[in-house]
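Below you'll find the structure, written out as structure tokens, and then a few comments.
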Amino acid sequence: MNITIDQDYLIRTLTDLIKIDSVNPTLAAGGAGEAEIAAFIAGKLRNLNLEVAIHEPEPGRASVVGRLPGTGGGRSLMLNGHIDTVDVAGMAAPFTPEIKDGKIYGRGAYDMKGSVAANMTAVKALVEAGVALGGDVLIAAVADEEYASLGTADVIERYSVDGAIVTEPTELNLCPAHKGFIWLEVETMGRAAHGSRFNEGIDANMRMGRFLAELERLEQSLRTQAGHPLVGPPSLHAAIIEGGSEVSVYAAHCRLQIERRTIPGETEAQVIGEIQQIIDKLAAADPTFKATVKPFFVRDPFEVSAEAAIVQAVDRATTRVLGQRPQLIGAAYWADAALLAAAGVETVMIGPIGAGAHAAEEWVELQSLVDLAQILAETAIEYCG
Ligand SMILES: [Zn+2]
């Protein structure tokens, strides 16, 4: 079967996407959100004769799903990419795409409007080749990945698919794993008293100091583990600390927010257990030491088996398109792949080459987008049967 990637369409689509402000409004006050970009993508997908729907889990926070229906019997596949971007502070012309030396510049070019354009171009190639696939191919262009993943969380409630490819940037490497994270709050409890009354006061800040000394030992031991073969060791940092109320009062409370980056196989219970163990040890040494730990935001790590059909299909297509087997990598960042995997969808990540995600200069390599589109179209043909 002859699949032709329309490079001009890909470039035009990407430059049009860059021109539309879709800064995540939760991350940056005044960000435009996804309504306009979603409407634009919906129009393009309708032109390809897909069945198109826009979903708004919150007003102005829109995702688009386009469906190329299969003839039945095959596996269904979702090409998933987010359409929100991070802030544009410090960028001279974030919404003015520029093409230079085979690179396309602009906010979101790399993370990840280039990938969304490649997803669309791949499906266009399938439509134009007139292939009759057994399973459906869905394009999901989703809202809010950069903050709370409203988009993918909503879309997986509405559509059930067998496999998914999240086309976050991976430099055309095959990415079957990424890290997760857990945000935890530890609070030490003291007793407020006038600053002169050392017999009555219990200093919550001093007790947090003891906790921090132990936490640093844990941090050191985590980072020296071998960890996961693709994503490396877990880590943590003491991100925000706040304690006491007045300079002449013993601090009654001290609160610490910890970010703990997790690797595939680690559980929330295990991570909380490590922290609880420190608290228990300090309480055993001093009955006035009182502290609690509670998680307040959890994002699971992600890992898919190398044997999964979606991994095999992407591996083979990439090998054909690039002329060599893709390297396996793990991503240090969290992505929507974990949500899809948690919903029972076998998921893998592959995306373009570029630089400057979340930075002042952002670009994506055009040829890597053409290759990506080819890989996605060929994967769909094999996977959806
Ligand atoms: Zn991204």
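Since every read-out is calculated from the coordinates, none of them should be taken as a lab result. Just so it is clear, the structure is predicted and the values come from calculations on it, not from any experiment. Positions of Cβ are backbone-derived with ideal geometry, glycine not excepted, and every protein chain shown enters the neighbour counts.
Show that you can apply the helix-only estimate: for the chain, add -39,500 (n - 2.57) for every DSSP H stretch of four or more residues, divide by all residues, and state [θ] at 222 nm to the nearest 500.
Numbers: 9 runs with 128 residues, N = 385.
My calculation for the chain gives -11000 deg cm²/dmol from helical runs alone.
Shape of the chain from its Cα gyration tensor (a ≥ b ≥ c, root eigenvalues): rounded if a/c is under 1.5, otherwise prolate when a/b > b/c, or oblate?
On the way: a/c = 2.54, a/b = 2.01, b/c = 1.26.
Judged from the Cα gyration tensor, the chain comes out prolate (a/c at least 1.5, a/b above b/c).
Count neighbours as other Cβ atoms within 10 Å of each site's Cβ, and list the GluC sites (Glu not before Pro) in segment 1-82 that are DSSP loop with at most 12 such neighbours. All intermediate terms of the calculation are to be shown ahead of the outcome.
On the way: sites: GLU34, GLU36, GLU51; in loops: GLU34.
Sites meeting the loop and neighbour criteria: none at all.
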(request) Sum up the charges of everything whose Cβ sits under 10 Å from the Cβ of VAL52, counting Lys and Arg as +1 and Asp and Glu as -1, but leave VAL52 out. (result) +2
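Tell me whether segment 343-385 comes out rounded, prolate or oblate; compute the Cα gyration tensor, take square roots of the eigenvalues as a ≥ b ≥ c, and use a/c under 1.5 as the rounded threshold.
Values: a/c = 5.56, a/b = 1.69, b/c = 3.28.
Since a/c reaches 1.5 but b/c is at least a/b, the shape of segment 343-385 is classed as oblate.
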(request) Specify whether the C-alpha gyration tensor of segment 45-135 places it in the rounded, prolate or oblate class, a ≥ b ≥ c being the square roots of the eigenvalues: rounded for a/c under 1.5, otherwise prolate if a/b is larger than b/c and oblate if not. (result) oblate
(message) Within 10 Å of each candidate Cβ there may be at most 15 other Cβ atoms; applying that plus a DSSP loop requirement, which GluC sites (Glu not before Pro) in segment 318-385 survive?
(response) GLU361
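In the chain, what % of DSSP beta bridges are antiparallel (nearest 5)?
Of the beta bridges lying entirely in the chain, close to 75 percent run antiparallel.
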(request) Would you kindly derive the ³J(HN,Hα) couplings of segment 265-271 from the backbone phi angles with the Karplus curve 6.51 cos²θ - 1.76 cosθ + 1.60 (θ = phi - 60°), listing them in order in whole Hz, with x for Gly and Pro? (result) x, 7, 10, 4, 4, 5, 5
(message) Number of Lys pairs in the chain with C-alpha atoms less than 23 angstrom apart, excluding same-chain neighbours closer than eight positions?
(response) 15
(request) Calculate the dipole size of the chain relative to its Cα centre from +1 charges on Lys and Arg beta carbons and -1 charges on Asp and Glu beta carbons; express the result in debye to the nearest 20. (result) 360 debye
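I'd like the FRET efficiency for ALA29 and ALA239, computed as 1/(1 + (r/R0)^6) with the beta carbon distance as r and R0 of 22 Å, rounded to 0.05. Spell out each step's value before the answer.
Working: r = 22 Å, r/R0 = 0.99.
Efficiency, rounded to the nearest 0.05: 0.50.
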(request) Give the distance, in whole Å, between the Cα centre of segment 86-108 and the Cα centre of segment 113-155. (result) 23 Å
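In what sequence, highest mean first, do 307-313, 285-291 appear when ranked by Cβ atoms within 10 angstrom? Each step should come with its number before you reach the end.
Details: 307-313: 17.0, 285-291: 13.9.
Final packing ranking: 307-313, 285-291.
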(message) Just to check I understand the Karplus step: with θ = phi - 60° and J = 6.51 cos²θ - 1.76 cosθ + 1.60, what whole-Hz values come out for segment 214-230, glycine and proline as x?
(response) 5, 4, 5, 4, 4, 4, 5, 6, 5, 6, 8, 5, 5, x, 8, x, 9
(request) Note down the net charge around VAL186, summing +1 for each Lys or Arg and -1 for each Asp or Glu among other residues with Cβ under 9 Å from its Cβ. (result) 0
(request) Determine the distance separating the Cα centre of segment 211-261 from the Cα centre of segment 359-385; give it in Å without decimals. (result) 39 Å
(message) As an exercise, use a Förster radius of 22 Å and the Cβ-Cβ distance of THR288 and GLU214 to find the FRET efficiency, rounded to the nearest 0.05.
(response) 0.85
(request) Any chance you could check the Cα centroid distance between segment 52-82 and segment 4-37 for me, in angstrom? (result) 17 Å
